[in-house]
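Working notes, structure below.
Read-outs: derived from the displayed coordinates by stated rules, not from any lab. Note that the coordinates shown come from a computational prediction; the quantities given were computed from them, not determined experimentally. So basically every Cβ, Gly included, is an ideal-geometry build from the backbone, and we count neighbours across all protein chains shown.
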Amino acid sequence: MPDALWWLPSVVVFALAGLFLAGAVVGFRRLGVRRERQSLTGARELEVRAKGLIVQADNATREAEREVAFAEAQFGEAAAREVRTAVTRARGWLREAFLLQQRLDDAEPDSAAERRTWSAQIEGLCRSALRAIDEADSALAARRRAERGASADAPALREDAERLGRR
């Protein structure tokens, strides 16, 4: 009888090896899923920051568009051309950021790496748009300060003109 069961230890060893291999595969998959969840959690913070920047950039762009209309009325179309160009450029960056945000919000699941990459791109685009708008606002503010200062300088300029006219 002992010679009839010579294969039994081999079956036990192979069964244990199979169970160990299956356990290792399941363990590695769970570890991968856990890492993906942790990565998605980290990407969520970046997404929230990117969404906040989109709102901020959109509001700033809308306000800048109204400001361009005021600048055209105040200084003329030629003087407001640079500001309009900056706002148009900012609007393009914002449009691209909205498209990336739409990819993040769609029904298809994305990997954590894709979500991080898109969120970082959104953040960069919004920061560029905000920077362009801030520069345009600074240029308009400088022009308005110069205009306000001109009325204070007018009497001195008249005196200089009279003095030069007498020479």
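If the condition is being part of a helix (DSSP H, G or I) and surrounded by fewer than 15 Cβ atoms within 10 Å (Cβ to Cβ), then the stretch 50-79 contributes Gly52, Val55, Gln56, Asn59, Arg62, Glu63, Arg66, Ala69, Phe70, Ala73, Gln74.
Look through the stretch 55-67, keep the residues that are aliphatic (A, V, I, L, M) and touching a residue at least 40 places away in the same chain (Cβ under 8 Å), and return whichever of them is nearest to Ser138 (Cα to Cα). In this case the residue turns out to be Ala64. The residues in the stretch 3-54 that are without any contact (Cβ under 8 Å) to a residue 12 or more places away in the chain and either among the aliphatic types (A, V, I, L, M) or over 30 Å from Leu94 (Cβ atoms) (or both) can be counted, and the count is 36.
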